[in-house]
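S.K.: Quick one: the structure is below, and I'll ask about it shortly.
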Amino acid sequence: MLPGGVIALTLLLGAAFTAFFGQLGLLSLLTLRLTRQIRRAGASETKALLAASRS
């Protein structure tokens, strides 16, 4: 393989890994945010149910 081909392959693999880990990081952040929202909604629903049962 020519040295130019090795450089091109290295750049291509670097870009692919960067894109992959960028997508993975974004997905992780969105999952964390959604999990927090679901917990918050569940807590609110629980409070409403407990308040209704006391009345």
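S.K.: Suppose the filter is at pLDDT 90 or above, surrounded by 10 or more Cβ atoms within 10 Å (Cβ to Cβ) and not hydrophobic (A, V, I, L, M, F, W, C); does Ser44 pass it?
M.R.: It is false that Ser44 is at pLDDT 90 or above, surrounded by 10 or more Cβ atoms within 10 Å (Cβ to Cβ) and not hydrophobic (A, V, I, L, M, F, W, C).
S.K.: Right, something else. Can you tell which of Gly5, Gly25 is at negative phi, part of a helix (DSSP H, G or I) and modelled with pLDDT of 95 or more?
M.R.: On inspection, the qualifying residue turns out to be Gly25.
The values are calculated or read from the model by the stated rules, or taken from the named source; none is laboratory data. None of the values given here were measured: they were computed from a predicted structure. Backbone-built Cβ (ideal geometry, glycine too); neighbour counts: all protein chains shown.
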